[in-house]
Amino acid sequence: MTDFDADVLVLGAGVIGLSTAICLAEAGVTVTLAAADPPQRTTSVAAGAIWGPHLVGMDDRIEDWARITLDRLDGLSHPYQGVSELAGIVRATAGIAASRDPQAAPPEFSASAGDLSACRPGDVPPGYASAWRLTATTVAMPSYLGYLENRLGRAGGRTAFASRISKLSEASALAPSARVIVNCTGCGARDLVPDPDVVPVRGQVVVTANPGVTEFFVGTGGEPGGPGDLTYLFPYSDVVVLGGTQQRGNWSLEPDPRTAARIVAACSAIEPALRDAPVLEHRVGLRPTRSRVRLEAERDGHVTVVHNYGHGGAGVTLSWGCAEEAAGLALAALS
Ligand SMILES: Cc1cc2nc3c(=O)[nH]c(=O)nc-3n(C[C@H](O)[C@H](O)[C@H](O)COP(=O)(O)OP(=O)(O)OC[C@H]3O[C@@H](n4cnc5c(N)ncnc54)[C@H](O)[C@@H]3O)c2cc1C
């Protein structure tokens, strides 16, 4: 086990743990981030990702967290002194959100768009009953997680991967001087806390070379859990991320070849150029769903544990809002 002296130990190297650790390190406290898996092997790397509260227990905190995150993401995507570290990684992307329901409401991620408009019937993609054209904030997750890891390092945070623990009480051994532990373990929280309210919703994506696709597509409204449930594609400069699946209670991290073929076929029906695009990678992640996001502090002996998990299909969307609040709870416990 690694023993890093720190005020705060953050458990988890996904988008939630990294963002929370950055808020703490940039506030001047010493932080160690420990995790079983490094950022590039988390659920977070499998996200599309688009800003929009999806598959998350809705309550009155969600809107604020999502708005704060959108604000931070927009700030990061704007160049500073002509340079943007995140050019092409966090950006406004034009696209279409379609539904099989003719009466569908505007998509949940439309709040990030200034230019939402209903598609004319002739422009609704095949197999769908209604569609909206809009611009939304998208994030290329592998690069974004790399940015977050570098930013944490620049702020003085240290990392220790391959640090799996089976009980929260073991966490103190990873950083014995830490008076606060922030639990950002996603689906891992189910066994670690333990918290049976955490249930994985498995998502599988296919990454192809980009044959020239510039607009995103999200199609919803099929039989819940069925093959037409969710189809999406997000283009980045050299790759396209194709999805998806929403399999509740499925813990498998193995890509399923038949699912991959079904995803490529569904996305090719929308963007025919994808049919022959070389497949570069398969990714699988487990969305940590819960009846509501758990963001609260509890005292455990001489240590305070701040929980920050259960973000479902919206961890990227809520990341900065939740990170800032969790960091505030941790700082209050230190003072
Ligand atoms: C296919 C797919 C598409 C998605 N699309 C979007 C999207 O478009 N927009 C959006 O906002 N969200 C999206 N999501 C959801 C988003 O990815 C998750 O909400 C988010 O990744 C959760 O982040 P996290 O940091 O809590 O968990 P994770 O990324 O799972 O990280 C958990 C960390 O905790 C560590 N850990 C767990 N257990 C232990 C333990 N016992 N000991 C030590 N360390 C442990 C892990 O090793 C890991 O480092 C998508 C998810 C999937 C799967």
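No value in this document is a laboratory result; all are computed from the given coordinates. Predicted, not measured: the structure shown is a model, and the values here were computed from it. When we count neighbours, we look across all protein chains shown, and the Cβ atoms used for this are built from the backbone with ideal geometry, even at glycine.
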State the antiparallel share, in %, of DSSP beta bridges confined to the chain, rounding to the nearest 5. 70
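Could you work out the relative contact order of segment 158-227, using alpha carbon pairs under 8 angstrom and six or more residues apart, expressed as a whole percent?
That works out to 21 percent.
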What FRET efficiency, computed as 1/(1 + (r/R0)^6) with R0 = 41 Å and r the Cβ-Cβ distance, is obtained for R67 and R179, rounded to the nearest 0.05? 0.85
Centre separation in Å (Cα based) which lies between segment 117-193 and segment 31-48: 7
Between 0 and 90 degrees, rounded to the nearest ten: what's the tilt of helix 15-26 against the longest Cα principal axis of the chain? 50
GNM on the chain, Cα springs under 10 Å; top mean-square fluctuation among G222, G315, G12 goes to G222
Among S77, S169, S268, which one moves the most in a GNM of the chain with springs linking Cα atoms closer than 10 Å? S169
Identify which of G146, G48, G14 has the largest mean-square fluctuation in a Gaussian network model of the chain, with springs joining Cα atoms closer than 10 Å. G146
Pairs of alpha-carbon atoms within less than 8 angstrom and 6+ residues apart define the contacts here; what relative contact order does segment 215-335 have, in percent? 14
Which of C184, C119 comes first, and how do the rest follow, when ranked by fewest Cβ neighbours within 10 Å? C119, C184
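In what order do H302, H282 fall by count of nearby beta-carbon atoms within 10 Å, going from fewest to most?
Working: H302 7, H282 17.
With the sparsest Cβ surroundings first, the list reads H302, H282.
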Among residues other than W132 whose Cβ falls under 13 Å from its Cβ, what is the net charge (Lys/Arg +1, Asp/Glu -1)? -3
Provide the FRET efficiency to the nearest 0.05 for the D123-A273 pair, computing r from the beta carbons and using R0 = 22 Å. 0.75
